[in-house]
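Engineer: Handing you this structure, nothing more for now.
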Amino acid sequence: MYKLIAVFLLLFTSVGLSSLAWAVDSAPAFEDAQLQARYEALTHQLRCLVCQNETIADSGATLAGDLRRELREQLAAGKTDEQVLKFMTDRYGAFVLYKPPFEQRTWLLWLGPALFLLIGAFAAVRIVLQRARLAAQQPEDDEKEQSETA
Amino acid sequence: MWRYLIPGAIFVVLIGFFVVGLSRDPANVPSPLLGKPAPTYSLLKVEDPQLKVSNTDVAGKKHLVNVWATWCAECRHEHGYLLQIASEGIAPIVGIDWKDELPLAQQWLSQLGNPYSATGFDVEGRTAIDFGVYGAPETFLVDERGIILCKRIGAMTDAVWQRVFKPVINNQAPDKAAMDAKTTCIS
């Protein structure tokens, strides 16, 4: 079992790493490894608005190319990641970010999974308690039933 | 009782989410530029590349900014209607020729007619990015102070021009019934 989990973990991390490599650009944008890393990370955070389920790192659309050029120029000019992302959201809105910000419009999106987990946990606890009580009340019936179904 | 009511309620809520979610077209991205100053630009003039086209040319005037290109089929479809808007003389239309080739753009204007007061040649697509453009055509309504009042994604239609843009130009409320998801104005 642990082996299986290890294999899966390895698979996932290797997929994650390989997607960090430049997909559309034919060569690295920067010689400086640190700038290149920031550039790659940012291209994976921004949505191509032409083909909306792709990041601008993966998209071959001309707009994605223009946005990558914009990224390169701004990073080269010494802009911070926050400044570059603000440049993009000022023009295209929060939709351009692959990871939506936590705000009034998106709270359900962010808290939904936790909410469903709580509902599920509540239901599970209730059902288990109910069954336990039933089993305590009619132990003989329960045993009989079990032996019948076995 | 609850055994039936709870799954039923969950079902209804889910259907509600699907109806709302699936009826929304993700191609209509709301623009954060509404109510904000229109970006500045200074571009070569398609009609005469010796000259420049700048946002200061139309400062103090309500005007339209129309993003188009010769590679855009919908723009050709829209062109006739832009000529009609121009002939009404209510508001000048500034063209932004997006990532195009100059001879093709000039040919387009001489063959199909020129509805623009001037067209800027945005060969690198920088002005389009500043306007948050991600497809052509797109049309913005900009007021005297340079604030963006309305945005139309896709071809301008008679209903949108007559019942949304024109009332806003005349300082009246737009007809909500004529506003689809591709048309947004500041409220």
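Engineer: Mind jotting down the three principal axis lengths of the protein assembly as shown based on Cα atoms? Whole angstrom, largest first.
Structural biologist: Dimensions of the protein assembly as shown along the principal axes of its Cα atoms: 97, 54, 32 Å.
Engineer: Please report, for the Cα atoms of segment B:34-185, the Rg to one decimal and the Dmax as a whole number; what are they, in angstrom?
Structural biologist: 14.1, 44
Engineer: Turning to a different aspect of this structure: Quick one: compute the contact order of chain B, relative version, from alpha carbon pairs under 8 angstrom and 6+ residues apart, as a percent.
Structural biologist: RCO, chain B: 25 percent.
Engineer: Please determine, in degrees from 0 to 90 and to the nearest 10, the orientation of helix B:73-88 with respect to the longest principal axis defined by the Cα atoms of chain B, where the helix direction is its Cα long axis.
Structural biologist: Helix B:73-88 sits at roughly 70 degrees to that axis.
Engineer: Counting other C-beta atoms within 10 Å, which of B:V67, B:V20 has the fewest, and how do the rest follow?
Structural biologist: B:V20, B:V67
Engineer: I'd like the Karplus ³J(HN,Hα) series for segment A:34-51: coefficients 6.51, -1.76, 1.60, θ = phi - 60°, whole numbers in Hz, and an x wherever there's a Gly or Pro.
Structural biologist: With the stated coefficients, segment A:34-51 comes to 5, 5, 4, 5, 5, 4, 5, 4, 5, 5, 7, 9, 10, 8, 7, 7, 7, 10 Hz.
Engineer: In straight Cα distance, which aspartates and glutamates are under 12 Å from B:K182, not counting same-chain residues fewer than 8 positions off?
Structural biologist: The reachable aspartates and glutamates, counting only those whose Cα sits under 12 Å from B:K182, are B:D25, B:E138.
Engineer: How big is the gap, in Å, between the Cα center of segment B:4-22 and the Cα center of segment B:118-187?
Structural biologist: Using only Cα atoms, the two centres lie 36 Å from each other.
Engineer: For B:Y81 and A:K99, FRET efficiency with R0 = 35 Å and r from the beta-carbon atoms, rounded to 0.05?
Structural biologist: 0.30
Engineer: In segment A:71-120, which GluC sites (Glu not before Pro) fall in coil by DSSP and have 13 or fewer other Cβ atoms within 10 Å?
Structural biologist: Qualifying residues, ordered by number: A:E103.
Engineer: Moving on. Please order A:T55, B:T139 by the number of other Cβ within 10 Å, starting at the fewest.
Structural biologist: Starting with the residue having the fewest Cβ neighbours, the order is A:T55, B:T139.
Engineer: Rg over Rh of segment B:68-149, using C-alpha atoms and the Kirkwood radius, what does it come to?
Structural biologist: Across segment B:68-149, the Cα-based Rg/Rh ratio is 0.94.
Engineer: Quick one: which residues, 5+ away or cross-chain, put their amide H under 5 Å from the amide H of B:L44? H built at 1.01 Å from N.
Structural biologist: Residues meeting the amide H criterion: B:V53, B:F121.
Engineer: Something else about it: Could you tell me which GluC sites (Glu not before Pro) in segment B:108-187 are loop residues by DSSP with no more than 11 other beta carbons within 10 angstrom of their beta carbon?
Structural biologist: Numbers: sites: B:E124, B:E138, B:E144; in loops: B:E124, B:E144.
The qualifying sites are B:E144.
Engineer: Just want to confirm a number: the relative contact order over segment B:35-83, from Cα pairs under 8 angstrom separated by 6+ residues, in percent. Please list the in-between numbers first.
Structural biologist: Details: 22 pairs, mean separation 9.7, N = 49.
Once normalised by length, the contact order is 20 percent.
Engineer: If you add up the charges near B:F140, with Lys and Arg at +1 and Asp and Glu at -1, over every other residue whose beta carbon is less than 9 angstrom from its beta carbon, what do you get?
Structural biologist: +1
Engineer: Also: Taking only DSSP H segments of four or more residues, each worth -39500 (n - 2.57), what value at 222 nm results for the protein assembly as shown once the sum is divided by all its residues, to the nearest 500 deg cm²/dmol? Numbers along the way, then the final one.
Structural biologist: Details: 11 runs with 155 residues, N = 337.
Dividing the helical sum by the residues of the protein assembly as shown leaves -15000 deg cm²/dmol.
Where a number appears in this text, it was derived from the coordinates with a stated rule and is not lab data. In this text, all values refer to a predicted model and were calculated from it rather than measured experimentally. Methodologically, a virtual Cβ is constructed for each residue, glycine included, from the backbone with ideal geometry; neighbour enumeration extends over all protein chains shown.
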